[in-house]
Amino acid sequence: MSTSTALIAGWARSAVAPHGGAFGALQAHEIAAPVIQALLKRAGICPGAVDAVVVGNALGAGGNPARLVALAAGLEDQCAAFSIDTQCCSGLDAVSMAVGLIASGQASVVIAGGVEAWSRSPIRQHRPLREGDAAVAYERPAFAPELARDPDMLASAARYAATQGWTRAAQDAYAVQSHERALTRQAVLADEIISEIFSVNGLTHDPYPRRISSTLAARMPAVAKYEDTECDGAERLDCSLSALSISAKADGAAFVLLASPEACRALGLTPTAAWITSVSVGCPPETPLLAAEVAARAVLSRAGLTTADTLAVIELHDAFAVQGLSFCQALSIDPLRLNRGGGGLARGHPIGASAAIALVRVLAELSHEQPASFGLTAVAGAGGLGSAAIVQRL
């Protein structure tokens, strides 16, 4: 595999704070800016060296969050700023597009990733058709033009779990293990978190992971269930989605520092990983959680890898436990190899940042592997979008 034109010279993230928690009063740029500042400080380069910022953000409701982030971080006025919204895929797609800027010669140094301030997201309303009518509030936008192809994502996941036979017990066990892994590797996770900045909020680690007994898991309420009217009641399995098996609303940010080989030499940067390849794909919007599987297969093929066996690190942003179970089955991955520090179920889901956090997790875990080791990041997004990337430790 040839080395990419984009090298990774640093990465960092905030802690992931539950919705309404430690970051509840912060706007997106106020969460992102300290992460970027710390990233530049760690790399030892000045803000003026950055040509562009590419930021994934899903809930900002217009504007250009990337420009706010760039200016709040103290980057030069001439720094270009691009905002990307592909929902849950945004953070990883932002990095892929930053790689494109470098590969095309439009930039030499780019900071890319994602941020979400879900706690401060705007209240959404549809403008009335007639003057004098009241605006209509809504929680989420449409992700497909036909209502039949745009199911609620909880309902979609519940239907998939039921039709594929993924029981609540299996989903809850997967989620409990995700929390256990996050707790076990808390010291490793702390190395990637900008604690010197966010300690002012009393948050130096991801606070959501917790020890969950089987008794507690069984008591958690079911939040989504698919009823198959054609199935005899005696044959039905409990494939409902519990509160434990769904990634919680959260705030957070994650970014990587990308540079061309020439820029690394000129600035004295020491890259530790190379961007090998990535894909962004679409699949049927009725079952969006499957898009991560489609993207992962596509990126493995593009990288010339026949299976996931050669990967040292695999990180899936699992918005649902059933998604993680299905992903492992589809790619023949031992579940113990997936999300070794816990996934989105253990951290929470800051939508525009989630995939960038998963990428930072891969890079952090690769730093403990042998040189030339490969890592894969995969994510699925609303509307049936999927993204995946492969990076290599140098």
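Would you check if residue 72 is surrounded by fewer than 19 Cβ atoms within 10 Å (Cβ to Cβ) and in contact with a Lys or Arg (Cβ under 9 Å, 6 or more places away or on another chain)? When the stated conditions are applied, residue 72 does not pass them.
Here is a yes/no grid of residues against (1) in contact with a Ser or Thr (Cβ under 7 Å, 6 or more places away or on another chain); (2) touching a residue at least 40 places away in the same chain (Cβ under 8 Å):
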site: 32; (1), (2): no, yes
site: 38; (1), (2): no, yes
site: 49; (1), (2): no, yes
site: 52; (1), (2): no, yes
site: 66; (1), (2): yes, no
site: 69; (1), (2): no, yes
site: 77; (1), (2): no, no
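Do we have any residue at all in the stretch 283-290 that's among the charged types (D, E, K, R), surrounded by fewer than 21 Cβ atoms within 10 Å (Cβ to Cβ) and more than 28 Å from residue 394 (Cβ to Cβ)? Yes; the residues of the stretch 283-290 include at least one that is among the charged types (D, E, K, R), surrounded by fewer than 21 Cβ atoms within 10 Å (Cβ to Cβ) and more than 28 Å from residue 394 (Cβ to Cβ).
Within the stretch 58-96, the set of residues being closer than 15 Å to residue 387 by Cβ and touching a strand residue (DSSP E or B) at 6+ places or on another chain (Cβ under 6 Å) comprises 84, 86, 87, 88, 89, 90, 91, 92, 93, 94, 95, 96.
Listed here are the residues, each with its yes/no results for (1) outside any loop (DSSP other than H, G, I, E, B); (2) acidic (Asp, Glu); (3) modelled with pLDDT of 95 or more.
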site	(1), (2), (3)
71	yes, no, yes
74	no, no, yes
77	no, yes, yes
83	yes, no, yes
98	yes, no, yes
111	yes, no, yes
159	yes, no, yes
170	yes, no, yes
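Every residue in the stretch 322-376 that is crowded, with 23+ Cβ neighbours inside 10 Å, of a type in the set (S, T, N, Q) and outside any helix (DSSP H, G or I), please. Residue satisfying the conditions is 339 alone. Looking only at the stretch 43-53, decide whether some residue is under 18 Å from the mean Cα position of the chain (by Cα), crowded, with 19+ Cβ neighbours inside 10 Å and closer than 21 Å to residue 107 by Cα. Looking for residues that are under 18 Å from the mean Cα position of the chain (by Cα), crowded, with 19+ Cβ neighbours inside 10 Å and closer than 21 Å to residue 107 by Cα, one finds at least one in the stretch 43-53, hence yes.
Can residue 165 be described as more than 21 Å from the chain's Cα centre (by Cα), at positive phi and modelled with pLDDT under 95? It is false that residue 165 is more than 21 Å from the chain's Cα centre (by Cα), at positive phi and modelled with pLDDT under 95.
Return the total of residues in the stretch 191-224 being hydrophobic (A, V, I, L, M, F, W, C) and at pLDDT below 85. So the answer is 4.
Could you please find all residues in the stretch 24-55 being part of a loop (DSSP other than H, G, I, E, B) and more than 25 Å from residue 262 (Cβ to Cβ)? Once the filter is applied, which keeps residues that are part of a loop (DSSP other than H, G, I, E, B) and more than 25 Å from residue 262 (Cβ to Cβ), the stretch 24-55 yields 24, 25, 26, 27. Among the residues of the stretch 107-146, those that are of a type in the set (A, V, I, L, M) and free of Cβ contacts under 8 Å to residues at least 24 places away in the same chain comprise 123, 129, 134, 135, 136, 137, 142.
The values are calculated or read from the model by the stated rules, or taken from the named source; none is laboratory data. The structure displayed is predicted, hence computed values, not measured ones. All Cβ positions, glycine included, derive from the backbone under ideal geometry; neighbour counts span all protein chains shown.
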